[in-house]
Structures are given as structure tokens and as C-alpha cells.
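Undergrad: Before we start, here is the structure in question, set down as C-alpha cells.
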Amino acid sequence: MTSASRFATLKILIYNCMTADDDRHRQDLLHAMDISVSIMEDLLGALLNIGQLDAGKIVPRITTFQVSRLLERLEVEFSHQARRKGLSFGRRPLARRDLQRPGAARAG
């Protein structure tokens, strides 16, 4: 997904949130907006770090992160595309943690 389409998605979520009558639906939309903003922040941070990595100024480190948060972000990012194609995109709740760089799982 390009940054332009992320901004378009965020605008749609904001509009839908403003017009939502159901509080639960509004909360779901606000949660999706929060995740979308977080994804954009991570992308910007990754872009800023690429130059520093290339120059050898920073060294990648292995950290602990929650796999469930990564899967939740993927669900928010791709579930609408799946629905448009007649597919379902879901996940099961996970409580385990993995040791790995979170960006390594999303690189590509």
C-alpha cells in the first residue's frame, strides 16, 4: 500500500467515524485510525533509518515484540482489500512474544 493510499484510507476512516451513529462502530474506526497512524510513523522512521544503516551509524538490534500487534496491523491494512475480492481476512488472538526485529517481518 502506498503512502498516498494510506492517507486516503485515513481520510475515509475519519469521515466514517464522524458520521457513525453506533458507538461500537466509532470505537472500531478510531482503533483502525490509531493503527494506520502507527503504521505511517513506522514507515517514516524506517525511511529515516535507511540512510543511517547504510552509513553504518546505527546497528540493527534484536528486540522483543508482540506478534499479535503485528497481525492486528496487517489485518487493519489488508482486510478491506480482502473483502473487495470476496475473501475474508482474520486472525486468532495470540499472547506469545517472539524475538526478532519487527521490521524484518514486514520487509519486502
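Undergrad: Tell me the label-point distance for the pair Ile58, Leu10, using the 7 Å Cα-to-Cβ offset, in nm and rounded to one decimal.
TA: Using points 7 Å along Cα→Cβ, the separation is 1.9 nm.
Undergrad: Label-point separation (nm) for His25 and Ala82, each offset 7 Å from Cα along Cα-to-Cβ?
TA: The two pseudo-label positions are separated by 2.1 nm.
Undergrad: Along the Cα→Cβ direction, 7 angstrom out, place labels at Arg92 and Gln66. What is the inter-label distance in nm?
TA: It works out to 1.9 nm between the two label points.
Undergrad: In addition: If we count other beta carbons within 10 Å of each Cβ, what is the order of Phe7, Phe65, fewest first?
TA: Values: Phe7 12, Phe65 15.
Going from sparsest to densest Cβ surroundings: Phe7, Phe65.
Each reported figure results from applying straightforward, stated rules to the coordinates on display, with no laboratory input. Given the structure is predicted, the values throughout are model-derived calculations rather than measurements. FYI the Cβ positions are ideal-geometry reconstructions off the backbone, even for glycines, and counts take in every protein chain you see.
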